[in-house]
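Everything on this sheet refers to the single structure shown next.
The values are calculated or read from the model by the stated rules, or taken from the named source; none is laboratory data. Keep in mind that what you see is a predicted model, and the values were worked out from it rather than measured. Here Cβ is always computed from backbone atoms with ideal geometry, including for glycine, and neighbour counts include all displayed protein chains. Heavy atoms of the whole protein, side chains included, go into the accessibility calculation; ligands, DNA and RNA do not. Shrake-Rupley method; radii C 1.70, N 1.55, O 1.52, S 1.80 Å.
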Amino acid sequence: MALSFCGNDRDSNAYSVDNGVLDNGCFVDALNLVPHVFLLFITFPILFIGWGSQSSKVQIHHNTWLHFPGHNMRWILTFTLLFVHVCEIAEGIVSNTWMESNHLHLFMPAFMGFIAATTSVVYYHNIETANFPKLLLALFIYWILAFITKMIKLWKFAEASLGVQHLRFCITALLVVLYGLLMAVEINVIRVRKYVFFANPQRVKPPEDLQDLGVRFLQPFVNLLSKATYWWMNPLIIGAHKRPIELKKIGKLPIAMRALTNYLRLKDSYEEQRQNTEDPEKSPSIWKSMYRAFGGSILLSSTFRYMADLLGFAGPLCISGIVEHLHNSTEIDRTNKTGNMTFGVYFMSSTELLQNTSVLAVLLFLALVLQRTFLQASYYVTIETGINLRGALLAMIYNKILRLSTSNMSMGEMTLGQINNLVAIETNQLMWFLFLCPNLWAMPVQIIMGVILLYYLLGNSALIGAGVILLLAPVQYLIATKLADIQKSTLDYSTDRLKKTTEILKGIKLLKLYAWENIFCDRVEETRGKELTSLKTFALHTSMSIFMNAAIPIAAVLATFVTHAYIEEDRLSPAKAFASLALFHILVTPLFLLSTVVRFAVKALVSVQKLSEFLQSDEIGDDSWRNGDMCMSLEVGKKYKYQGDTKAINRKGRYRMDNYEQPVRRQLRPSETEDVAVQVNDGFFTWGSNLSTLSDINIRIPTGQLTMIVGQVGCGKSSLLLAMLGEMQTISGKVYWSNKNRYSVAYATQKSWLLNATVEENITFGSPFNKQRYKAVIDACSLQPDIDLLPFGDQTEIGERGINLSGGQRQRICVARALYQNTNIVFLDDPFSALDIHLSDHLMQEGILKFLQDDKRTVVLVTHKLQYLIHADWIIAMKDGSVLREGTLKDIQTHDVELYEHWKTLMNRQDQELEKDTDLESQTTLERKTLRRAFYSREAKNHVDDEDEEEEVEEEDDDNMSTTTSRRSKIPWKMCCCYLSSGGFLMVFLMVSSKLAKHSVMVAIDYWLAAWTSSNPHNQSFVNSSFNHTLNDDATQIAEHRSYVPVFIILCAAAIALCLITSLTVEFLGVAAATNLHHNLLNKIIHAPIRFFDVTPLGQILNRFSADTNIIDQHIPPTLESLTRSTLLCLSAIGVIAFVTPAFLIALVPLAVAFYFIQKYFRVASKDLQELDDSTQLPLLCHFSETAEGLTTIRAFRHEARFKQRMLELTDTNNTAYLFLSAANRWLEVRTDYLGAVIVLTAAVAAIWSTSPSGLVGLGLTYALTLTNYLNWVVRNLADLEVQMAAVKKVNSFLSTESENYEGSMDVSQVPEDWPQHGEITIHDLCVRYDSMLKPVLKHVNAHINPGQKVGICGRTGSGKSSLSLAFFNMVDVFEGKIVIDGIDICKLPLQTLRSRLSIILQDPVLFSGSIRLNLDPERTCTDDRLWEALEIAQLKNMVKALPGGLDAVVTEGGENFSVGQRQLFCLARAFVRKSSILIMDEATASIDMATENILQKVVMTAFADRTVVTIAHLVSSILEAEQVLVFSSGILVENDSAINLLAQEDSLFGILVRTHK
C-alpha cells in the first residue's frame, strides 16, 4: 500500500475541495500541523543557542529554580496533553487499519502534536531556570494557534453531526479544552510578571532557601518531573560512589521543614485550642493540633494514595483484555464498517479501541508508571510530614523540659527514663503512625474495590475467596499484637543479660585472679538462655506471620477456583482466571498491612496520651525578678493554700526570738539595698507537697562578700540555694534580688553535671574564650595535671559518651565552670565533697579567696568543712530546714557559745582526719593514676584500636579512586557465609531446599491453572451448547473440566505446607546463628588475657553485646527472609516470562544492566545515609537527657536559649539525614518501578507478537505484574543486609582474639591436693612484660621468701610493684625466669589450678550484684560456719547479721549499698574464705579510713600469722613492721632486706620513701 497523506482509496475524493476547503477532512488535519511545525521551528534554534551558551553562563546555585506563576498547573496540563495525544495517535493508527489504503492524516498531526508538546515543556523549563520570561511569547502564540486550528476541526465534526459516541470527537474536544487552559496559564504569567505589554516588568528574587548555599534538599523547589522521579538526587547518589556522603554534603534543611518552623505551627494550634476552650481544666487535644498543623499534607498524601490504588486495578483489567482479545483481533471484518464513514474516513467508538491488544499493552504501561509515581509521591509526602511532626514534637517536649518544676524531677513524678522514652520512643511512634496513616482510609477502599471487581469477573465464588481472606485477617492481627508483647519480654531479658555482662567486664581482673570467670560466665549464659527461649517464641510467631502472609492468597485462590468449577455454569476463561489471580495479589497487601497499621494506631493513641500528660505537668514559676524587677513575689502558691503549719512555727519560735536579739549590727551597714545581693523575707518553701521543706527563712546575702552556709546533712542547705534561684515552690514570703546583679548566677551543684563536650567547652560553657582567665581558673582548680593526662588535653570529649572521669575530677570541672563565668553572684554547693584535703585547700585559697574575692563577686558557699569558717564574711547556720544563726563568726562566738564550741570539737576532728589524709597517698593521685593507666594501655593499642579504622585508613591512602569504589560497592559475601555457617549447615540446607521447592510449586500451581483454563478454547456455556452436542458430551466435558481440580488442590496444599516449612527454617536458622555467635563471643572475651581489657575500651566490648547482638538476634533473620523471598519471586517471574515468550530474553539484557547500576549506586549511598542517620540520632538523645539532668544549672546560668538553639540544630541535622535517606529510598523505588513497568510492556508486546496460547500469556503477564512489586525490595533488603552484616563483622573481629593458655604443661593430677602447703616463694631472674610489643616492666628480679613471712613491697608509682603481684598469678607475659612456689614452677600449672590456690585483695574493692554469699563463695563449696567465721575476722559479722536475709542479703550493682570501707572488708573476708597459705595484698588500704585500716592490719597479723603475706604498699608506714622489704625502682629490684636494717642505712631508697611520706 502506497503511503499518502490523504490516502488513495478507490472511490475516494480525498483531494477534492468542491464543497469548500474546510469541508475536506484531510485539509483540516493538515491545517492542524501548522502550529506544531511553527513551534518546532522557533524553539529548536533558541534551545540550541541556549545549550551552547549555558556552559559560559555562571551556574547560579541550583539553577535558581524561579517558578513562573502557575508552574505546577502548566506541568500537569502538559502531561495530560501528552496523554491525550497518545490516545489520538492510537486512535488514528487503529482507524487507519480499517481503511483500504494508509491515511497518514489520521495520526501524523497527532504525532507532531506529541513532539511539540514535549518540546514546549523542555523549552519552558530552560526559560524558567534562565529566568528569561520574554521568550515565553513563542509558547503563547503556539497555544493560540493550536487552539484555533483544533476549534475549526471540532466545529466541522459538530456540523457533520458526530457526537460523544465517537472517540475522535471526544479527543478533539479534550484538546480544545487543554489548549484553552494552557493559554489561560500563559496569560496569567503575563499578568503577574508583566514581561510584555507592560512598562515596568516585575523583578523577582529566588526563594530565601535557594539563596542559601547550604540548603541541599531541593525536593520542594524542583519542577514536577524532577519531583516525581527524584532526578535532583542523582548527583548525590552517584557521587556517593566516589566519596562517602558526609554531613557537609547534605547541608541544611529548607526553612519550611526546620524544627522551629514546625514547632511554631504546632504550638500555635495547640495554644489556640487552649484559648478557645471554656473549661480551663481541659487539656488541649494533641490530635487536633496535629491535624490543624499538618492536616493539609495528610489529605494531599491520601489523594495521591487513592489515585495510585485505583490505577492499580488497571493492571488486572488490562491483562484480562489482552488475553481475551489476543486471537480475536486478527480478523478484520470490513463489511459493516462503511456505515461509520464520514469525511471518507472511519470513526470508531472507545470500546473498539480498547479491544486492540497493542493499545491495551501501552495503556497498561502508562497506568503502571502513573500508579507507581502517585504511590511514591504519597509515601514521600507522608514521610516529610512525619519528619516535620517529629521535629515539632521534639521542640515542644524540649521547651517543656526547660520549664519543668524541679520538684517534679526530684519527687520522681517525671523520671529521666520517662523523658528519654518520650523523646526516643513516643515521638517516633507518632512519626511512624503518620507514615502509615493514609493506609487507614485507603485500604478499606482498596479492599472493597477489589472484591467488587472479583465478583464482576467470577460471580459468587469470588465472595468465597474474599471470605477466606477476611476470616484469616484477624488471626494476623492477633499474631502481630502477640509479637509486640514477646518483644517486650525479650527486651527485659537482654537488659538483664547486659547488666550481668557489664559487671563481669568491670570486675574481670578479680574474676581472673580468683579463677571464677567460668562461674560468672554461666550466670550470663543462663540469662541468655531465657532470652533465647523468648527469641524462639518470637521466631515462631514471626514465621507464623510470614506463613499466613504467603498462604492466605494460595488458600483464597484455591477456594475460589474450586468452587467456581462446581457452582458456575460458565467455563473459566484464561482471561478471567489470570485477572482474578492478579486481583488476589493486590488484595493481600492491604490485608497484611492492615494489622500493622491498626497496631501502630493503637500505639499512637497511647503515645499521645503520654505526651499530653507530660505537656500538662507542673511548670516552674515565672521569674520576673531576673529581669530586674526589684521585688519578686513568688506567689506561685495559689496551688498550695498554706494551711498554717502551726506546729512548725511554734517549735521554731525560739530561733525567731534569737533573730531579734541582735538588730544593732544591721544598722551599722550602709544603705540596705545596695549592700544586699539577695534577701529572703519570711520565706516558706516546699518541694511540692504541702509541708514546707524550708520554713521561716529570713536571710541576707551581702554583696561582694563570702557567705558560708553550714549545718548537718539534710538540714536544707542546698534547698536554700535552690529556693533563692526560684526552683522551689513558694508557699509565702518573698525573695529580693538587687538590681545590679545581672540575671545570671554561676552555680555549681553538689552532684556534678557535665556536658558531652570537650573539657574546654564544659568550662567556658558558652562564654567567650579568654586565655588568661581560663588559665587562672584551671590553676585554681588544679586541673592542669589531669588535663595533661587526657589524650587530647582539654580538647578531649568527656561526659557520657566521652572519657569517664572520676568524681573528684568531674566536680572540679563543674567548679571551674562556675568560676569562669563572668557573673556577679556565684553559688557553690558543697564543692569539696569529692575532693581530698590538698585540693580542697588549694581551691579554697586560690579559687574562692583569691580569684573570686579579687573580682569582688558575691559568693555563697555551702560546705561541711568547718575549718574554712574563719575565711567567711557572713555565716548562715541551718538546722532542720530553718535558719539557726546568721552573722559573722565573731557574732556567733559571742552570742551562741554552745554552737561555737560544737563547731570547735568538729573542727578538731576534721584536723585529725587531715593529718591522716596527708600521710596517705592522696585520693587525687589515685584518680590520676587510674586515668593514666587507662590511657597508657590505650596508646599502646592505638594502632590496633577502633574496629574499622585500619580499613578507613587504607581507603584514604588509596587516592586511586577505582579501588575505593569497588570496596564500597562490594557485598560482604564473606560475612554472610560466616553468619550462615554459625546457623549450622543442616539449617542452611533445609532453608535453601525448602525455598526452592516452595517457589517451584507456586509456579506449578499457576502453570496448572493456565493449562486448566486453556483446556477448552471455545468458551461456550454448557447450557446453550450447540445442538449437535449430545447431553452425554456435556457430561464428559464437565468431567474433563473438573478432572483438573484434584491436582490443583494437591499443589495448593503442598505450597501451603512448604510456606510453613520455609518460614520456620529461616527464623530458626537466625536463632541458631544468634545462639552460636553470642556463645562464642562471650567465651572468647571472658578467656582473653587481661591485657585485652586494658587496651579495648569497655564501651566497645559492650557494644558487641548490646547493639550488635541485638541486630544479629532480631534484625538479620527478617531481612534475610525478605531478601531470599523477593529474589526468588523475581527470578521465577523472569523464568516464567522467558518460558512463555523467549523473545523477552533479548530485552532483558539492557534491563538487567540498568538494574545492576541502580542497585550498585543505591546501596553505597543508602549505607552512608543510614550511618549519618544513626550517628546524628545519638547526640540528639544525649542532649535531651543531659538537659533534663542539668536543669537547675542551665536555669541558674540562664542558658535556656542557647540549649534550645542547640536542640533545634541537632534535630534538624538528624531530620536532614532521615529525609535524605527516605528520598534515596524513593529514588530507588521510582527507578525500579519504572523498570518493572518496562518489563511488563516488553512482556506484553512479546506476547502479542508471539503465538503462545492465551493461558500462558496470562500467566506471563500476571508474573510480570508481581515483578514490579518485588524489584525494589531486592535492592532495599540487600542494602539493609549489608548494613546489618557489619554487626556480624564486628563480632567476628573479636572472635579472633587470642585466649589465655589455660592448659599449662602439667596435668592437674600431678599437683598435690594441698599445694601450696608452706608458702615458700622463690623468684628467679624474673622478667615480665604486658605485651610482646612493649618494654619489660620487671627486669631480672631475684628474691626468696620464706614460708609464713610478712613481706612488704614498695616503690614509687610505676616502679612495677603491681606487675609483680600479677606475675604471681601468671596474668602477664613472663618471658624469662620463673617463680617457684613450694617447688612447682607456676608457669607450668593449669591457670585454673594456680589461681584457685592463691588469694589476693585488690586495691579497688569489687562486689557483684547478687547475695553476700555469692560474693564470698560463688563456687558454693564452703559451709555457712566458715563464711560467718570469715565475716567475723573481717569485723563484718554484726553488720551482716542485722541485714534482712543474713548471708543471702542483697548486694546491689557494684556494691553501692555498702560504704567503700565496708566493701574493702568484704574483699578481705573473701580472701579468708579461701584458706590459702599465700595472701597478696595489692595496695588494699588505699581507699579506707584510719579506723578500718587499723582493723585490717590487726587481722592480717593474727588471722594470717602462719601464712605468707605479700603487701604491696602505697603507704610505706604500713610495712614498717615487715620482716622483709623489697624496694623497686623502674622495674629493677634495688633493695631487699628487713625494714629495720633498711631504715638504719643512711641513703637507702626505703629510708627516703619513709621520710618523704611522714
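Shown here are the Rg and Dmax of the Cα trace of the stretch 25-206, at 18.3, 60 Å.
Relative to the present Cα-Cα distance, how much length would full extension add between H67 and D788 at 0.36 nm per residue of separation? Kindly include the intermediate steps, with their values, before the conclusion.
Numbers: separation 721, 0.36 × 721 = 259.56 nm, distance 5.83 nm.
The span from H67 to D788 would gain 253.7 nm if fully extended.
For the stretch 1400-1475, the fraction of C-alpha pairs more than 21 angstrom apart is 12%. Residues within the reach of a label modelled at A484 (point 7 angstrom out along Cα to beta-carbon, backbone nitrogen below 17 Å), restricted to the stretch 566-606, are 592-606.
Arrange the peptides 1316-1325, 1538-1547 so that the one whose residues have, on average, the most other Cβ atoms within 10 Å appears first. Mind showing how you got there, number by number?
On the way: 1316-1325: 17.7, 1538-1547: 13.4.
Listed from highest to lowest mean packing, they are 1316-1325, 1538-1547.
Computed over protein heavy atoms with a 1.4 angstrom probe, the accessible surface ordering of Y1270, Y900, largest first, is Y1270, Y900.
With a/c under 1.5 counting as rounded, go ahead and sort the stretch 219-294 into rounded, prolate or oblate using the C-alpha gyration tensor (a ≥ b ≥ c being the square roots of the eigenvalues; past the cut-off, prolate if a/b is larger than b/c, else oblate).
On the way: a/c = 4.50, a/b = 2.82, b/c = 1.60.
Because a/c hits 1.5 or more and a/b exceeds b/c, the stretch 219-294 counts as prolate.
Full extension of the chain between N460 and S283 yields a length gain of 58.5 nm, computed as 0.36 nm times the residue separation minus the alpha carbon distance. Summing charges over all other residues whose Cβ lies under 12 Å from the Cβ of I778, with Lys and Arg as +1 and Asp and Glu as -1, gives -1.
Top to bottom by accessible area (1.4 Å), largest first, where do E272, E1298, E186 land?
Details: E272 85, E1298 140, E186 0 Å².
Correct descending sequence by accessible area is E1298, E272, E186.
Kindly provide the helix-only [θ] at 222 nm of the chain, computed as the sum of -39,500 (n - 2.57) over DSSP H runs of four or more divided by all residues, to the nearest 500 deg cm²/dmol? Working shown, then result.
Values: 55 runs with 948 residues, N = 1558.
That calculation yields -20500 deg cm²/dmol at 222 nm.
Between A1442 and T1502, the C-beta separation translates, for a Förster distance of 22 Å, into a calculated FRET efficiency of about 0.35.
Rounded to the nearest 20 debye, the dipole size of the chain about its Cα centre is 2940 debye, using +1 on the Cβ of Lys and Arg and -1 on the Cβ of Asp and Glu. With a simple spin-label model that places each label point 7 Å from the Cα along the Cα-to-Cβ direction, the separation between E272 and C1422 comes to 7.3 nm.
Just to verify a number: FRET efficiency for T303 and F197, C-beta to C-beta distance, R0 = 35 Å, to 0.05? Working from the Cβ atoms, E equals 0.40.
Sequence gap at least 6, Cα distance under 8 Å: using those rules, report the relative contact order of the chain to the nearest whole percent.
Details: 2250 pairs, mean separation 166.7, N = 1558.
Dividing the mean separation by the residue count of the chain yields 11 percent.
Spin-label pair F79-T118: with each label point 7 Å from Cα along the Cα-Cβ axis, the two points sit 1.7 nm from one another.
Once you treat every alpha carbon in the chain as an equal point and sum by Debye, what is log10 I(q)/I(0) at q = 0.04 Å⁻¹? Computed log10 I(q)/I(0) values: -0.40. Bridges between two residues of the chain, per DSSP, are antiparallel at a rate of about 55%. Listed by chain and number, the lysines whose alpha-carbon sits under 21 Å from that of K717, ignoring those within fewer than 8 places in the same chain, are K652, K734, K751, K865, K879, K904.
Spatial offset of the stretch 1339-1418 relative to the stretch 1036-1107 amounts to 46 Å, using the alpha carbon center of each.
A simple spin-label model places the labels of D779 and E208 4.8 nm from each other, with each point 7 Å out along Cα-to-Cβ.
Ranking L236, V451, L1169 by how far each Cα lies toward the positive end of the dipole of the chain (charges on Cβ) leaves V451 at the top. May I ask for the distance between the Cα centers of the stretch 157-226 and the stretch 484-524, given as a whole number of Å? With the stretch 157-226 and the stretch 484-524 each reduced to a Cα centre, they are spaced 67 Å. Remark on I1400: its backbone amide H falls under 5 Å from those of I1480, a criterion applied only to residues 5 or more positions apart or on other chains, H modelled at 1.01 Å from N.
Stretching D1314 away from S1396 to a fully extended chain increases their span by 28.4 nm, per 0.36 nm per residue minus the current alpha-carbon distance.
Would you please give the FRET efficiency between H895 and L1102, computed as 1/(1 + (r/R0)^6) with r the Cβ-Cβ distance and R0 = 60 Å, to the nearest 0.05? The formula returns an efficiency of 0.55 here. The accessible-area ordering, largest first, of the residues W874, W98 stands as W98, W874, per a 1.4 angstrom probe.
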